[in-house]
Amino acid sequence: MTIIPSMATISTAIDDAPTDGKFYVRLERGDSHVMWGRYKASITGTEFMRSDRALYGASGIYKSEKTTSFGERQTETTLYAAQPDTLPQRDEFLGTGGSAYFMKRQDISIGSETIAVEVRDQITGQVLERQTLRYGEDYSFDYLQGMLILKRPLSSSTGTDAPVRDGALGGNRVYLIAQYEFTPVAGTLDGYVYGGRAQHWFADKVRVGVTGMDENTGLANQQAYGADIQLRHSEKTFIEAEIARSKGPGFGTSRSTDGGLTLSDVATTGTRNRVATSWRTRAQLDLEDISKSGVKGTLGGYYEEKQAGFSTLSEQISVDERIWGAFADIDLNKAIGLELNYDDYQEGRGESVFDGRDIGGGSKRKGASAISWQIDEYWKASFGLTYTELQSPIARASGKSGYNGSRLDSGARLEYAPDGDHSYYVFGQGTLSRSGDIKDNNRAGAGTEYQLTEKISLDGEISYGNQGVGALAAINYEPTAKDSYYVGYRLDPDRAFDLDRSYDLSGTDGGTIVIGAKRKIDDEISAYAEHNYDLFGTRNSLTKTYGVVYTPDSSWTVDGGFEAGTIEDDTIDPDDGFERSDFDRKAVSLAIGYKDEERISARIRGEARYEDSDDDSRDANTYLIATGFSWKTSEDWRLLANVDAVLSDQDSEASFRDGDYIEMSVGYAYRPVENDRLNALVKYAWLRDTPGENQVSAISGDEFGPAQRSHIISADVNYDVFPWLVLGAKYGMRFGEVRQRQGDDPNTFSAWESSSAHLGIIRADVSFIKSWDALIEGRVLAMPQADTTDYGALVALYRHVGDNFKVGVGYNFGCFSDDLRDLTLNDEGVFLNVIGKF
């Protein structure tokens with residue numbers, strides 16, 4: 001058993017106490033544990049409901065001692081529950097050929113990210129490969145600025161060794177997936193999240209799993225649950241099936257094709273009262289399981305259906321989808337191999353629930369066959385046939401050609417590899433027949449992969465076909481394990497016809513050039529720089545990224561970054577017929593941290609971001625500063641202080657909400673070491689929360705919430721009268737000014753008016769049965785200017801989990817909360833609560 005308190009703090013029974021990450025307890029038995037603290041709620045083993053969230057609260061993992069003959073635990077269970085103070089965000093980036101990627105959000109929770117590279121099928125969009133990256137080894141992260149730096153550049157496609165390729169460069173698409181938690185602009189979140197997964201293997205052959213999760217955070221409320229089963233004969237011979245249902249909107253996704261310089265939001269497809277279902281099945285057979293001496297290889301097939309409105313952190317389904325396919329990979333003998341595959345993707349027609357426009361109705365079908373011949377140790381030849389059929393009503397309605405028809409292609413490829421460091425290849429392909437407006441796919445080209453020295457590698461390819469010239473070139477130089485320099489060029493004539501791109505090609509595509517460097521200067525300083533120049537016709541963009549991290553010793557950390565980007569956009573906006581505006585972006589950030597484990601910890605971080613456009617339509621200025629200070633003045637007393645501010649005049653597309661938010665607080669906490677029956681906290685806070693037009697309150701999250709300028713003073717005390725009884729009291733006072741949204745016009749406010757409130761709470765915690773507690777509170781809220789006095793009561797029942805935390809459910813009979821910053825008076829109802837004790 002392990003118990004690890006990360007630092008002394010006041011009891012969380014005092015509800016103003018800082019609990020985020022300050023307390024940590026973990027009880028272990030073998031590989032199983034229960035814990036309270038900051039953890040990663042990782043749900044795997046399911047395709048539809050895969051999730052990784054960094055939360056602070058309760059978590060439990062059980063792994064049985066017994067294992068299967070394949071090495072898995074016979075039984076595994078993961079459960080979690082939390083009242084999150086952060087929100088999840090998922091960003092998807094098409095590889096740019098570079099290493100720098102800018103997240104949608106800033107002020108990202110440290111260590112909350114899960115970064116993965118996904119290879120997706122060009123026809124069905126299915127994830128073919130997924131590799132989770134490791135912090136420090138594969139990437140670094142600037143959490144303040146929201147910038148990720150990969151150790152190696154990431155291309156937008158895998159490349160291909162198939163004899164027939166789709167388009168100039170071929171291969172499947174490569175995406176960088178970033179899922180992380182970010183701190184909302186300010187305030188606390190009102191809600192909870194819980195979920196988990198359990199699975200069990202029966203006799204090594206049958207695995208049954210169930211997964212569920214519930215997200216209750218206001219407008220994003222969502223419930224999702226599912227079940228899956230796998231019947232296994234061997235590692236490569238199995239049948240599996242899964243079904244999942246979701247209800248509620250959840251959270252959407254952001255996507256970018258230029259490394260985050262511009263991002264487009266993919267709105268969540270779920271709605272509050274609609275339940276949607278997805279199910280899938282997959283089967284695979286290893287021919288060696290039939291006969292050890294016969295032909296070797298694998299055969300398989302799959303089928304999936306997803307209903308419109310199905311929504312999870314990793315799935316957003318806007319119209320009904322059906323996908324099925326079959327595949328075979330067979331070695332006819334030691335020299336000759338055969339590959340066959342067929343994929344069929346069909347969309348239903350629908351209407352967008354947001355703007356009523358027609359969506360869906362497309363279909364994609366592709367069948368391919370290839371035979372390869374290993375002529376000798378150095379030479380390999382392959383030949384193939386591919387049939388492609390596309391139908392896209394949306395593309396046709398948009399006036400785009402090349403997405404309706406069918407085509408039959410054939411091709412050949414010859415490779416020469418004299419050793420493990422060098423390879424050369426040539427390829428040629430042609431269209432045998434086609435129908436509709438789909439384009440011919442004739443192309444010929446050559447390429448090489450060349451390891452010039454142990455530290456320098458070269459890659460290159462050039463080809464010519466119906467769509468024009470295609471080219472790839474890259475030089476990578478890694479003089480040490482921690483230093484790298486790279487130059488890359490990519491010209492893909494097919495990206496002009498990409499339906500997923502939010503803007504069309506105007507002019508001639510000149511390709512993308514990436515130049516970058518990462519260097520560990522010494523044990524204290526590391527730096528990075530990257531330039532990404534995209535010559536997409538008349539829409540040219542240049543992004544410059546620089547950063548330095550300075551760590552002089554174990555107590556101090558200094559992190560600075562600079563970003564500069566320019567987009568010259570001469571494309572036409574179809575809404576008004578005019579050219580879109582050019583804009584420049586510049587951002588600078590600096591963070592300084594100090595941590596003395598014995599007495600003092602402090603942090604300060606700041607950022608300034610400027611966006612300027614020719615017609616002022618994209619202008620945005622944002623300034624952020626956040627500081628925190630903790631001083632253990634003695635063994636019994638601790639001084640706490642914080643300042644958080646966001647000043648913004650930007651539009652709704654920006655990362656922070658419009659309007660201003662400033663909160664400053666200072667508190668003094670008392671808990672005697674020798675006799676901890678008494679706990680107390682006195683706190684003062686000054687708050688300015690002035691959301692702009694069409695924006696939501698930073699405190700309540702209410703879309704038409706009030707604005708306020710307030711001073712808040714509070715005192716909270718608890719006393720252990722008996723081992724089974726704890727009495728507590730709280731008094732708080734707010735005075736300042738408030739202005740309300742106008743009823744007929746929610747985008748305007750009334751004049752400022754004086755506002756004050758007095759909050760009183762008495763409470764009792766009673767331990768009446770082993771491991772069970774009851775909480776009873778009486779509350780009163782008086783507001784003199786409104787000449788009102790509201791009374792309320794709160795009851796809750798808690799179950800202890802170990803000695804250091806408890807989980808409970810209760811009901812608030814009053815309309816107000818114990819947070820004097822919250823002016824909405826809409827807090828009546830059921831709540832879930834998790835409390836850590838120290």
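The values are calculated or read from the model by the stated rules, or taken from the named source; none is laboratory data. Model, not experiment: these values are computed from the prediction. In this analysis, Cβ positions are derived from the backbone assuming ideal geometry, glycine residues included, and neighbour counts consider all displayed protein chains. Note: accessible area is taken over every heavy atom of the protein model, side chains too, but ligands, DNA and RNA are not part of it. Shrake-Rupley method; radii C 1.70, N 1.55, O 1.52, S 1.80 Å.
Overview of results
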{"quantity": "Signed unit charges on C-beta, dipole axis of segment 72-198, positive-most listed residue 158, 126, 80", "calculated": "158"}
{"quantity": "Extension gain (nm, one decimal) between residue 665 and residue 452, 0.36 nm per residue minus Cα-Cα", "calculated": "70.7 nm"}
{"quantity": "List 595, 683, 632, 247, ordered by accessible area with a 1.4 Å probe, largest first", "calculated": "595, 247, 683, 632"}
{"quantity": "For segment 224-349, alpha-carbon Rg over 2.2 N^0.38 Å", "calculated": "1.39"}
{"quantity": "For segment 192-236: span of alpha carbons on each principal axis (Å, largest first)", "calculated": "46, 16, 12"}
{"quantity": "Mean Cα-pair separation over length for segment 57-178, i.e. relative contact order, pairs under 8 Å, 6 or more apart, %", "calculated": "28"}
{"quantity": "Segment 355-428 - percent relative contact order, Cα under 8 Å, separation 6 or more", "calculated": "28"}
{"quantity": "Relative contact order of segment 150-293, pairs being alpha-carbon contacts under 8 Å that are 6 or more residues apart, as %", "calculated": "15"}
{"quantity": "Heavy atoms of residue 253 accessible to a 1.4 Å probe, total area in Å² rounded to 10", "calculated": "10"}
{"quantity": "Whether segment 330-445 is rounded, prolate or oblate, judged on the alpha carbon gyration tensor where a/c under 1.5 counts as rounded", "calculated": "prolate"}
{"quantity": "Where 770, 439, 518 fall by accessible area, highest first, once all protein chains stay in place (1.4 Å)", "calculated": "770, 439, 518"}
{"quantity": "Residue-level accessible surface for residue 452, protein heavy atoms, 1.4 Å, Å²", "calculated": "90"}
{"quantity": "Heavy-atom accessible area per residue - segment 110-155, 1.4 Å, Å²", "calculated": "44"}
{"quantity": "Rounded D (µm²/s) - segment 94-230, Kirkwood Rh over Cα pairs, Stokes-Einstein at 4 °C, 1.567 mPa s", "calculated": "71"}
{"quantity": "Exposure of residue 636 as accessible area (Å², to 10), given a probe of 1.4 Å and all protein chains", "calculated": "50"}
{"quantity": "Heavy-atom accessible area order for 101, 425, 550, largest first, 1.4 Å probe", "calculated": "550, 425, 101"}
{"quantity": "Estimated distance in nm for a label pair at residue 381 and residue 629, the labels positioned 7 Å out from Cα along Cα-to-Cβ", "calculated": "7.9"}
{"quantity": "Accessible area of segment 316-470 divided out per residue, in Å², using a probe of 1.4 angstrom", "calculated": "53"}
{"quantity": "Amide H contacts under 5 Å for residue 252, placed H, 5+ residues apart", "calculated": "268"}
{"quantity": "Residue-by-residue Karplus 3J(HN,Hα) for segment 261-276, coefficients 6.51, -1.76, 1.60, Hz, glycine and proline x", "calculated": "4, 10, 10, 10, 7, 9, 5, 4, 8, x, 10, 4, 10, 10, 9, 10"}
{"quantity": "Segment 40-104 - convex hull of the alpha-carbon atoms, volume per residue in Å³", "calculated": "157"}
